[in-house]
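The values are calculated or read from the model by the stated rules, or taken from the named source; none is laboratory data. Computed from a predicted structure; not experimentally measured. Cβ sites come from the backbone with ideal geometry, for glycine too, and all protein chains shown count toward neighbours. These area figures cover heavy atoms from the full protein model, side chains too; ligands, DNA and RNA do not enter into them. Shrake-Rupley method; radii C 1.70, N 1.55, O 1.52, S 1.80 Å.
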Amino acid sequence: MLQRKHFFIFLLCYFLFVFNIGYSQTYYYKQIKVIQEQIEKVGNETGQFITFNPKGCYDSDKEGISVGNGFLKYIKTENNIRIYKGDSFWGEAYYYVSTDFKRINISLQNEAKIYVYTKEYSTNRTTSYYVKNNTINTIPITTTSPLETISNISNGQEMEHSKLVRTTCSFCKGTGLNPLKTYGPDYTGGSVITLQYCEICGKMDKYHQHETCPSCGGKGYTESYK
């Protein structure tokens, strides 16, 4: 009897595994542009394989195997955008994915920079371009750390430290709040609509909230060394 119970548990685990694999989808995306401080620059056309399952998504290879960049948990779908949050190659980030999976905006948690990717249907690559702990696939991140911003004078003069510059977050405009709306549950079936004036939206709308800005982490500004 005990052996039969173990056998059924094994079968259950097996079918759950097959179910999750069957509902995983892997797509290839190419970077088309980078947006920083409301300025758009042409992307470097590097590509990432991203695998989606019912719990979230992650950077992977062509076969859907994780490349070790981290996992982003599915948060919610809002305004035809699927929102994921978690660890990525660039650190903590948000993946804003269109519901048709044709476009992804990657917003970094502590930096006012957005990487824009579009879905590609054919590629010769077999794995993601940006992979942690892989010096062959990766190129230096465009952001700079305090140590990297120290200018090394070649003529032997003393090294100089760059200045820390604080800039208003271009995504939330300094409010520290996500401009996307979060509506609460509707227990009236739509028969009763409560309107309020929202200072963030600048107009009357159904009752809603604005969560912490994913770009600046609620600070309302970003810092960089120049």
Does E78 satisfy the condition of being charged (D, E, K, R) and in contact (Cβ under 8 Å) with a residue 60 or more places away in the chain?
yes
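Somewhere in the stretch 100-114, is a residue part of a strand (DSSP E or B), surrounded by 17 or more Cβ atoms within 10 Å (Cβ to Cβ), in contact with a Pro (Cβ under 8 Å, 6 or more places away or on another chain) and modelled with pLDDT under 95?
The first filter runs over the stretch 100-114 and keeps only residues part of a strand (DSSP E or B), leaving 103-108, 113-114.
If we keep only those that are surrounded by 17 or more Cβ atoms within 10 Å (Cβ to Cβ) as well, we get 104, 106-108, 113-114.
In the following step, the residues that additionally are in contact with a Pro (Cβ under 8 Å, 6 or more places away or on another chain) were identified as 107.
Applying the additional criterion that residues be modelled with pLDDT under 95 yields 107.
Looking for residues that are part of a strand (DSSP E or B), surrounded by 17 or more Cβ atoms within 10 Å (Cβ to Cβ), in contact with a Pro (Cβ under 8 Å, 6 or more places away or on another chain) and modelled with pLDDT under 95, one finds at least one in the stretch 100-114, hence yes.
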Strands (runs of 3 or more DSSP E) wholly inside the stretch 155-226 containing at least 3 residues that are among the β-branched types (V, I, T) and either open to solvent by less than 60 Å² (accessible area, probe 1.4 Å) or at pLDDT 70 or above (or both):
164-168
Given (1) open to solvent by 10 Å² or more (accessible area, probe 1.4 Å); (2) free of Cβ contacts under 8 Å to residues at least 60 places away in the same chain; (3) of a type outside the set (A, V, I, L, M); (4) under 17 Å from K132 (Cβ atoms), number of the condition G68 does not satisfy
(2)
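Out of the residues in the stretch 53-65 that are touching a residue at least 40 places away in the same chain (Cβ under 8 Å) and closer than 21 Å to N124 by Cα, state the one that is surrounded by the most Cβ atoms within 10 Å (Cβ to Cβ).
Quick first cut of the stretch 53-65, residues touching a residue at least 40 places away in the same chain (Cβ under 8 Å) only: 57, 59-62, 64.
Applying the additional criterion that residues be closer than 21 Å to N124 by Cα yields 59-62, 64.
Numbers: D59: 26, S60: 22, D61: 16, K62: 14, G64: 16.
Among them, the one singled out is D59.
Select from the stretch 3-42 the residues that are among the charged types (D, E, K, R), assigned to a strand (DSSP E or B) and open to solvent by 80 Å² or more (accessible area, probe 1.4 Å) and write down the one among them that is modelled with the lowest pLDDT.
Just the residues of the stretch 3-42 that are among the charged types (D, E, K, R), to begin with: 4-5, 30, 33, 37, 40-41.
Subsequent filtering for residues that are assigned to a strand (DSSP E or B) retains 30, 33, 40-41.
Then keep just the ones that are open to solvent by 80 Å² or more (accessible area, probe 1.4 Å); that gives 40-41.
On the way: E40: 85, K41: 89.
The qualifying residue modelled with the lowest pLDDT is E40.
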